[in-house]
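Worksheet: the structure to be examined is printed underneath.
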Amino acid sequence: MIGHRVRQIGLYGALAFLSATFTDLSVLGPTAVYWSLLVARFGILAWGLWLARVGRAKEVPDVRRVATALLGFELSIMVLFLLVVLAYGGSADYHSITALALIFAGYAYVPVLRREAMWVGGAFTVLFALVVWTSLHFDAKYVNIALVLFGFANVAGWQIAVSLSRGMRLAWLDRRRLEQQAQAAQQARQRAEQSEENLEHLFDASPMPLVLVRVADSRVLRYNAAAKVLFDPHDHSHGDVFTTDFYENPAQRLQLLERLQAEGTVRQAEVRLKTVGGQGVDALLSMRPLRFAGEDCIVTGMVEISAQKHLEQQLRALAHTDPLTGLQNRRGFFAMVEHALRTRPAGQPGPCIMLIDLDHFKQINDRYGHPVGDEILVEFAQVVLSLLREGDVFARMGGEEFCILLAHTRASQALEVAERVREFVAAHPFQTSAGVVRLSLSLGIAGCDAPVRSIDRVLSMADQAMYRAKQGGRNRTELYCD
């Protein structure tokens, strides 16, 4: 299991990091710095390929050596990233997204084989903060947001790493225990001519949920107390029980049976199950065939991982959410746009993109202060959300710039939505700690009646339309459609 993780990290991590050399070339050009970074990236590729080769072995020959190499690989990637940041320069906002991704990846995907690995994320955060402070552009708002995001990334990441490390060890112990119990059951059946009594004892003695299923009709022949607590704690099931009742996706069960037939065993497969009451359960599942009472059967052991999966979902949601307004952030918005383009019915128009800029918002910040500006942004987000239709996606792209995705919308409809938003905001008194503040908006709409193929093209058109709205005196809407 560890070898598989090491192989994936070494191979995919190195290839992903090497692919960034195209960005180096576009930013730095064929300079001495670029060639130095290219050599370093190829060095990391060689390191990653070595880890991938070591991870292919059925048994890791020297775990401590691999652990040291994996730690060095992780550190080298983070150090080279800091050198790339110094070489690129520019705004801290741009580099912070990649830095957060590296922190989450380090905690969530790199197995903790040495204690020192738990401190890599914190050390990297400190070094990145020094680089930002000494070499990059940033403002006060960035500092506040960065403290929250990087602090959460390290605290939550630490918890994830501890949970995953404990889960991996428990899963390994459970797998070993399951194998030992299966071997003991086989020996007991051979000594006692496939004695049911010995198998029942094995099931009852196991703290892990175990289920014995007959292959012919998928009927559950035996299950222990731990399995009953997991799937039917209130004793709602009566009569025969079949495994087909406990898979949320029946296709997953068929895939597992095919793997079992092809490989002879299934180890630590992640599946989505459901209890007798219909509640979803995430589990790591191991399966092994055996003969019981003269029939072909399957013994299945499970480790519940619902809490871990829930935490992973929360982290993914956080990565796509603006922490101030609760709207989609730039990354989340682009993901929603890509989904809208993929799922758009053939021949349908759109989607429309609407860019919104709060007029003279810098003057509001200068006059009342950034805390009041943040109050206005939060209230503005709630006001606009109340005016949008179901299915519209509202996002904060950064600063006082917002964006709305209007799926399957024509130009006339988009213009109506934009004018409704603009007029309502212009008439709305924004209540702040400094008193009532008035706002106006400049809006640009693009990508309406013709099917959209490039989101970059539509955003560029919307930006041009918004610029025309500003040049035309602000507090207005401009439409730009091919």
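The values are calculated or read from the model by the stated rules, or taken from the named source; none is laboratory data. Given the structure is predicted, the values throughout are model-derived calculations rather than measurements. Note: ideal-geometry Cβ built from the backbone for every residue, glycine included; neighbour counts use all protein chains shown. For the accessible areas, the whole protein counts, side chains as well, though only heavy atoms, and no ligand, DNA or RNA atoms are used. Shrake-Rupley method; radii C 1.70, N 1.55, O 1.52, S 1.80 Å.
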Based on C-alpha coordinates, I'd like the Rg and Dmax of the stretch 358-430, in Å. 13.2, 41
For the stretch 231-282, what mean projected area does the convex hull of the alpha carbons give, in nm²? 4.1 nm²
Glu401: accessible area at probe 1.4 Å, nearest 10 Å²? 50 Å²
Largest-first ranking of Lys362, Lys274 by accessible area, probe 1.4 Å, whole protein assembly kept, is Lys362, Lys274
Can you give the accessible area of Ser36 in Å² (nearest 10), computed on protein heavy atoms with a 1.4 Å probe? 70 Å²
Note down the net charge around Phe128, summing +1 for each Lys or Arg and -1 for each Asp or Glu among other residues with Cβ under 15 Å from its Cβ. -2
In whole Å, what is the distance between the alpha-carbon centres of the stretch 263-292 and the stretch 397-429? 48 Å
Sorted by chain and then number, the residues having a modelled amide H within less than 5 Å of the amide H of Ser440, at least 5 places away or on another chain, are Asp359
Computed accessible area, His370, all protein chains, 1.4 angstrom probe, square angstrom: 90 Å²
Heavy atoms only, 1.4 Å probe, whole protein assembly: order Ser440, Ser454 by accessible area, highest first. Ser454, Ser440
From phi via Karplus (6.51, -1.76, 1.60), per-residue ³J(HN,Hα) for the stretch 402-417 in Hz, x at Gly/Pro: 10, 8, 10, 9, 10, 6, 6, 10, 8, 4, 5, 5, 4, 5, 5, 4
Per residue of the stretch 215-220, in order, report the coupling 6.51 cos²θ - 1.76 cosθ + 1.60 (Karplus, θ = phi - 60°) as ³J(HN,Hα) in whole Hz, putting x for Gly and Pro. 5, 4, 10, 6, 7, 7
Percent of Cα-Cα pairs more than 24 Å apart in the stretch 208-295, please. 14 percent
Out of residues 5 or more away from Arg222 or on other chains, whose amide H comes under 5 Å of its own, with H placed 1.01 Å from N in the peptide plane? Leu212
Karplus-derived HN-Hα couplings along the stretch 291-303 (A = 6.51, B = -1.76, C = 1.60, θ = phi - 60°), whole Hz, x at Gly and Pro: 9, 9, 6, x, 10, 6, 9, 10, 9, 10, x, 9, 10
Förster-model FRET efficiency, 45 Å R0, Val143 and Gln255, C-beta, rounded to 0.05: 0.40
Which residues' amide hydrogens lie under 5 Å from the amide hydrogen of His408, considering only partners 5 or more residues apart or on another chain, with H built in the peptide plane? Cys352
